[in-house]
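Here is the structure we will look at, set down as structure tokens.
The values are calculated or read from the model by the stated rules, or taken from the named source; none is laboratory data. Everything numeric here is computed off the predicted structure, so don't read it as measured data. With ideal geometry, Cβ positions are generated from the backbone for all residues, glycine too; neighbour counts draw on all protein chains shown.
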Amino acid sequence: MQNRQHDLTNIIPVEVAGTLDGLFSERARRSPEGVAYRDYDRSSGKWRDLTWEQMDHGIMRWQTALSRENLVTGDRVAVMLRNCPEWVMFEHAALRMGLVVVPLYTADRPENAAYILSDAGVKVLLLEEVAQWRTFSGLSHPIGNLMRVVTIQSSPEKIEDSRVLALHDWLPGQAGEMQHVKADPHQLATIIYTSGTSGRPKGVMLSHHNILTNAYGCSQIVPLSRNDLLLSFLPLSHAFERTAGYYVPMMCGAAVAYARSIQQLPEDLLIIRPTILVSVPRIYERVYAGIRTKLVEGSALSRKLFKLAVDIGFSRFEYQQRRGSWRLSYLLWPLLDNLVAKKVMAKLGGRLRGAMSGGAALSADVSRVFIGLGLPLLQGYGMTESSPVVCSNTFDNNVPGSVGRPIPGVEVKLGESAALLIRGPNVMLGYWNDPEATKAVLTPDGWLNSGDIARIDENGGITITGRLKEIIVMSTGEKVPPADMEAAILRDPLFEHVMLIGEGRSYLSALVGLNPGHWESLSGQYQLDRDWRNLGQDPKLEEILLERIAHQISEFPGYAKVYRIALAQEPWTIENGMLTPTLKLRRSRVLDRYKGEVARLYEGH
């Protein structure tokens, strides 16, 4: 308890920070020699540590460079970069000048990124390499407002565009005398784009105060200390990582290490040995899938021991949470811990004291395994529009399957149709350039309609039970509007029916029915059977259909890509219950009818 109290006193209060850049400056003042970030230096092939003081000096150099670009307070600058210290330096240099930061996903489609850059009127763009910039050059609509493009890596080829500079040519060797603009905490700090129902993303406007109050609320739920080390692998363009994995550690003085890549994550976990993990469900699912594969390959005894460890471990957890009674079988735990649990936890670095999951629903099976093996795994809930965390379980009150209680400072209630309504200092300013969309979700007295259906128990615990609007939430945390994408796919006359699948999954698939006449006229050019129903799971047909679908949905965000297809052999009608009388999809009926086909689409994942 004493350590916890010490940790709480180390947290920088919202009123002391004032703004997000003020938070960084205060942390650098309090902990100049403390390690702020750890990353892999690709030129030397070694990991390096950067202190808060070193980062602060770096930020001043970046600010000097930005000051030469004729920017004024409120101008937008964008970053399309992997997680690294340069991401942090760029953002805080911009914030110190009163600029607005627009984060972009590195894997996004060029069309989508270009739309965001144009919509936000971005003037400076930071990229990893020139190849990223070249993907924009073939687009039909030029990005008009851009004055400068900076690439971290230099290019051996000459760049014709005078706006493009390599970082070493743009960044001065020494920082100049720079002024720190005293911004209003309620001023716009960032615009985070999230997928809209029209297929075009919407810009969520968040102020310094929105994010600071949310980070402070999170820090009260899971207090971090200067001894904590987080491993960052979710993109910093993701609101959950930006607040929970970036600003909360800054507020508490914890260090953050940047993973080299998702592919190298298992190795990085062993090297970094983090104490706290912040992730979307997909990462936990991957680890779980790896465990299951090894169990299948192993002996029957190892499978029995694993099941016993999880069963007894989870029962102990329920007892510790005061939801069960003590059992004699708990005496076996020290043995099972050594034989099973510690070996699994060692693959996660062996030092984890807690893990958080957000962005999408966490599978009950996956949650049970990790908790049973002794890892306190906390599920929470939020949305970009709420900066993003609304509620979370805690170490002392962890109810798997629920998303916990509201974090300090946030209010919730149920509205019409049991929609979860959210109010607090973390609720967005509105959508950029879209007052109608803002009005649709935000009431004059500050209540944000989440669009999610919820249940609130007598203790204030929240369980998400469904969605008012048809939205697929993938296990990566990305949200996809299926009706809009399905409508886009159906513009191709080859498709008679289509239903997207991907709830809680790592990628999208589609169930499709084809127009027999249209396929018959196309079959010759592909040298395939004139009756598509005879083709079953023909890989060539799947490839053809995936290509046609990709063409129709190119306007949607990069993560909204269909990877697999299953054919629905029968037509979907009102009579067979697949369609409503108004010809809308009965999604649950279709899923139930084709559950075998859907299972095959995700075999091994």
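Looking only at segment 40-87, filter to residues that are assigned to a loop (DSSP other than H, G, I, E, B) and aliphatic (A, V, I, L, M); which one of those is surrounded by the fewest Cβ atoms within 10 Å (Cβ to Cβ)?
For segment 40-87, the residue satisfying everything is Val72.
Checking the structure you have, find out if any residue of segment 237-244 is acidic (Asp, Glu) and within 20 Å of Ser31 (Cα to Cα).
No, that holds for no residue.
Mind listing whichever residues of segment 414-441 are assigned to a loop (DSSP other than H, G, I, E, B) and either within 21 Å of Pro201 (Cβ to Cβ) or in contact with a strand residue (DSSP E or B) (Cβ under 8 Å, 6 or more places away or on another chain) (or both)?
Correct list: Gly415, Gly424, Asn426, Val427, Met428, Leu429, Trp432, Asn433, Asp434.
Any idea which of Gly466, Gly460, Gly451 is touching a strand residue (DSSP E or B) at 6+ places or on another chain (Cβ under 7 Å) and assigned to a loop (DSSP other than H, G, I, E, B)? Don't jump to the end; show me each part of the working.
Numbers: Gly466 fails: assigned to a loop (DSSP other than H, G, I, E, B); Gly451 fails: assigned to a loop (DSSP other than H, G, I, E, B).
Just a single option satisfies the conditions, and that option is Gly460.
Is there any pair linking a residue in segment 583-605 that is in the same structural domain as Tyr507 (by TED's automatic domain parsing) and in a loop (DSSP other than H, G, I, E, B) to one that is among the polar types (S, T, N, Q) and exposed (fewer than 15 other Cβ atoms within 10 Å of the Cβ), with Cβ under 7 Å and at least six apart or on different chains, and which?
Here the result reads Arg586/Thr580, each pair linking segment 583-605 to a residue that is among the polar types (S, T, N, Q) and exposed (fewer than 15 other Cβ atoms within 10 Å of the Cβ).
Tell me the residue from Pro444, Pro408 that is assigned to a loop (DSSP other than H, G, I, E, B) and closer than 27 Å to Pro201 by Cβ, please.
When all the criteria are applied, what remains is Pro444.
Among the residues that make up segment 262-274, is at least one of them assigned to a helix (DSSP H, G or I), in contact with a Leu (Cβ under 8 Å, 6 or more places away or on another chain), in contact (Cβ under 8 Å) with a residue 24 or more places away in the chain and among the basic types (Lys, Arg)?
no
Please verify whether segment 100-123 includes one or more residues that are at pLDDT 90 or above, in a loop (DSSP other than H, G, I, E, B), in contact with a strand residue (DSSP E or B) (Cβ under 8 Å, 6 or more places away or on another chain) and over 18 Å from Ile191 (Cα atoms).
Scanning segment 100-123, I find no residue that is at pLDDT 90 or above, in a loop (DSSP other than H, G, I, E, B), in contact with a strand residue (DSSP E or B) (Cβ under 8 Å, 6 or more places away or on another chain) and over 18 Å from Ile191 (Cα atoms), so the answer is no.
Ser523 passes all but one of (1) in a helix (DSSP H, G or I); (2) of a type in the set (Ser, Thr, Tyr); (3) within 29 Å of the chain's Cα centre (by Cα); which number fails?
For Ser523, the exception is condition (3).
Could you grab the pairs with beta carbons closer than 9 Å, sequence gap of 6+ or different chains, first residue in segment 25-45 and more than 19 Å from Pro249 (Cα to Cα), second one of a type in the set (A, V, I, L, M) and assigned to a loop (DSSP other than H, G, I, E, B)?
What qualifies is Tyr40/Ala259.
Report yes if some residue within segment 112-123 is β-branched (Val, Ile, Thr) and within 24 Å of the chain's Cα centre (by Cα); otherwise report no. Step through it out loud before you land on a result.
Residues of segment 112-123 β-branched (Val, Ile, Thr): 116, 122.
Then keep just the ones that are within 24 Å of the chain's Cα centre (by Cα); that gives 116, 122.
Checking segment 112-123: at least one residue is β-branched (Val, Ile, Thr) and within 24 Å of the chain's Cα centre (by Cα).
Six or more apart or on different chains, Cβ atoms under 6 Å: show the pairs whose first residue is in segment 150-167 and surrounded by fewer than 16 Cβ atoms within 10 Å (Cβ to Cβ) and whose second is part of a loop (DSSP other than H, G, I, E, B).
Final answer for the pair search is Gln153/Glu129.
Scan segment 316-345 residue by residue and report those that are touching a Pro at 6+ places or on another chain (Cβ under 9 Å) and among the polar types (S, T, N, Q).
none
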